């Protein structure tokens, strides 16, 4: 006789009943994640307020950097550059000159020697040319200054002249670098005028416009959410405080004030242009303060905003993630018009009101973030010091193969609204 028992019913616990749908939902979620469509990079760039800042937004290498190229040169065959900083020791142009010097020092195929009239090796009893000859001229003599000189030359060297704030040229310069293209169409730089100034023996060199630059190791952004109320006004260093504009009351707008301290005094026997000198550390610290102010702001306005110039100030702000409010520059106009806050040139006294209206109506936080990101990318593609040095070298190569005259390598529009002398077809 076989005894059997009634089968027990299968009873699922409450915990088991919860686990089963959880597993189903988890599996469905994983499948969805693995099969979700890839968001196009351009969509992320166009809408950073939704997708967040890219991981590379900040200090360091980014996918849009232009790699340094030695143009096939071997590092053992370095070209020698004598970099002549012919500026007062406290000149407002010193930061730009030192930024270029740092990039020259970092270039793997350039051997640079820097000198200035304040250098310990400078002999005041000798002429400029004799001082150059004592150091050894090398392949290039690159002079930066705020004045014209006719006695700067060096044996068998290509003479490059970069004059800040002037539309004149040195007599013996082979290549003249200009920061603004409209300077090349001024009457003072016409071939006939230059011939009258320098005499019949003068020979035409090569004039070229080179884009501004900024050091990405100093000027870089931070990934905070832009605030249209964070506006910083940057006056020129020599503008007295009583000429600063009156900013809106109760707002978070600020005015950047340069340091009141002076550069350290020159010490006899010390090379103030050495990379670790107190002099260069002072200017690096000043540049760092300026960069920090740009990073903290969301919108930067420079005193020269009405001139509509693409200059070092604008390049620095773009690289630091600060959207520039300005008259749209004529250089690279189409490219820059989408990343600045445009201000009307015809209404200089109402720029604060115009800027407030733009930031409250058309360029709010979301659009401001997009413009900051795209401006940063443009700056890293076009405005680094390494790119600028390469541009100068390209101009020198053109001169060496016989190019003479005026070179406009960058997009530029010459119109009746352009800074400087107007085209002949403009009336009134």
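The values are calculated or read from the model by the stated rules, or taken from the named source; none is laboratory data. Only a predicted model underlies this, so the values are computations on that prediction, with no experimental measurement involved. For neighbour counting, all protein chains shown are included, and Cβ atoms are generated from backbone atoms with ideal geometry for every residue, glycine included.
Only helices (runs of 4 or more DSSP H) wholly contained in region 301-379 count here; list those with 1 or more residues that are farther than 20 Å from residue 254 by Cβ and touching a strand residue (DSSP E or B) at 6+ places or on another chain (Cβ under 7 Å). Show your work before the answer.
Numbers: elements: 312-319, 333-336, 351-361.
Once the helices (runs of 4 or more DSSP H) in region 301-379 are filtered for at least 1 residues that are farther than 20 Å from residue 254 by Cβ and touching a strand residue (DSSP E or B) at 6+ places or on another chain (Cβ under 7 Å), what remains is 312-319.
How many residues are buried (at least 17 other Cβ atoms within 10 Å of the Cβ) and touching a helix residue (DSSP H, G or I) at 6+ places or on another chain (Cβ under 7 Å) when one looks only at region 389-413?
4
Applying the selection to region 329-342, what residues are crowded, with 22+ Cβ neighbours inside 10 Å and under 15 Å from residue 417 (Cα atoms)?
329, 330, 331
Just a yes or no: is a residue in region 115-134 within 23 Å of the chain's Cα centre (by Cα) and part of a helix (DSSP H, G or I)?
Step one: filter region 115-134 for residues within 23 Å of the chain's Cα centre (by Cα), giving none.
No, region 115-134 has no match at all.
If you check residue 82 against the conditions, is it modelled with pLDDT of 90 or more and part of a helix (DSSP H, G or I)?
no
Which residues, taken from region 229-261, are part of a loop (DSSP other than H, G, I, E, B), touching a strand residue (DSSP E or B) at 6+ places or on another chain (Cβ under 8 Å) and within 28 Å of residue 55 (Cβ to Cβ)?
230
Quick one: which residue in 221, 212, 226, 264 is under 30 Å from residue 366 (Cβ atoms), outside any helix (DSSP H, G or I), touching a helix residue (DSSP H, G or I) at 6+ places or on another chain (Cβ under 8 Å) and modelled with pLDDT under 90?
Going through 221, 212, 226, 264 in turn, the sole match is 226.
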